[in-house]
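The values are calculated or read from the model by the stated rules, or taken from the named source; none is laboratory data. These numbers were taken from a predicted model, which means no experiment stands behind them. Only protein heavy atoms, including side chains, enter the accessible area calculation; ligands, DNA and RNA are left aside. Shrake-Rupley method; radii C 1.70, N 1.55, O 1.52, S 1.80 Å.
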Amino acid sequence: MCVFKQQAEFMSACGQTVEGLNIDQAQLYAKLVVEEYGELITAGNVENELKELMDLMVVIIGYGLSHGW
C-alpha cells in the first residue's frame, strides 16, 4: 500500500477530510510542516534526522491531502 493511501486512511479515521480543500486543516498541516522542518534541522544525529524526515514526509502528505490533491 502506498504512503499516500495509508495517510488518507489514517486522516479519515481521525475525522479529517481528504477530498477537496479544507482550509483550516491545511493551515494546521502547514504549521506542522514548519515545526517538523525545525526539528529536522536541529536533530543532532543521523537517527533523529531520519525520524524527523519521516515525520516531515507525513505532514507534507497530510497538507496535500487537505487540499484534495
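When residues of segment 1-18 are filtered for being modelled with pLDDT of 95 or more and outside any helix (DSSP H, G or I), how many remain?
5
What's the total number of residues in segment 8-42 that are β-branched (Val, Ile, Thr) and open to solvent by less than 60 Å² (accessible area, probe 1.4 Å)?
Total meeting the criteria: 3.
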